[in-house]
Amino acid sequence: LKSTIAVQGTGLRDVMVQDRYAYVLNNGSASLSVIDVSNPGTPVFVATTTVPAAAETIVVQGRYAYISHSNATINFSIIDLKNPAAPVQIATLNTGSYPLGATMNTLFVAGKYVYLAGQSGTAAIRVIDVSNPYAPRVVATQARVDVRGVVVGGQYMYATYGNGYLGVYRMSGVETSA
């Protein structure tokens with residue numbers, strides 16, 4: 001163990017590192033913390049911001065953080081990280097009706113699309129166009145349950161399911177590269 005740093009709250013859920021920063025999701029306090037890890041021996045707390053609901057998964061691409069949530073009304077949000085010392089939530093989205101406690105724990109970003117799915121109480125994989133990060137919108141839905149992982153390569157989306165299967169989908173009409 002090289003070092004540790006205390007992060008606000010309890011229920012840390014996910015982490016993503018880009019450049020010199022680690023972005024840490026806290027499910028219990030519905031927050032995103034930014035930690036400077038340019039010197040791994042002495043990480044430095046930079047900022048924390050609240051997110052709209054219990055946070056599950058984060059992907060950082062460029063200046064934006066894409067976050068999935070376990071919430072019946074808001075299950076996707078975008079944070080602008082242009083200034084890591086002052087992250088700003090710029091969009092939230094309810095991608096469909098999910099029961100309370102639904103877990104949106106699978107998130108993948110490819111080009112201008114985010115692929116969002118979950119394993120509990122969520123009956124679909126959603127494809128979200130984030131070309132305008134201030135106004136994300138669902139552009140495709142694939143009905144499936146118990147999704148554990150999603151990745152996109154070329155013209156295909158691959159999804160793993162809790163029942164031991166791998167689904168392969170041709171993504172016609174949705175660009176899959178930047």
State in Å² the accessible area per residue of the chain; use a 1.4 Å probe, count heavy atoms of protein chains only, and round to the nearest integer.
-> 47
Largest-first ordering by accessible area, 1.4 Å probe, given options TYR158, TYR134 | TYR134, TYR158
In whole Å, what are the Cα extents of the range 1-81 along the three principal axes, biggest one first?
-> 40, 27, 18
What distance in nm separates the simple spin-label points at ILE5 and VAL145, each placed 7 Å from Cα in the Cβ direction?
-> 4.2
Note down the relative contact order for the chain as a percent, whole number, built from C-alpha pairs under 8 angstrom at least six residues apart.
-> 12
Of the listed values [x] 0.98; [y] 1.02; [z] 1.29, grab the one calculated as Cα Rg over 2.2 N^0.38 Å from the structure here.
-> [y]
Share of the chain's accessible area from carbon and sulfur, percent, 1.4 Å?
-> 51
Ordering LEU166, LEU81 by the accessible surface of their heavy atoms, 1.4 Å probe, largest first, yields LEU166, LEU81
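The values are calculated or read from the model by the stated rules, or taken from the named source; none is laboratory data. Worth saying up front: this structure is predicted, and the values here are computed from it rather than measured. Backbone-built Cβ (ideal geometry, glycine too); neighbour counts: all protein chains shown. Heads up: the accessible areas ignore ligands, DNA and RNA and are worked out on the full protein's heavy atoms, side chains in. Shrake-Rupley method; radii C 1.70, N 1.55, O 1.52, S 1.80 Å.
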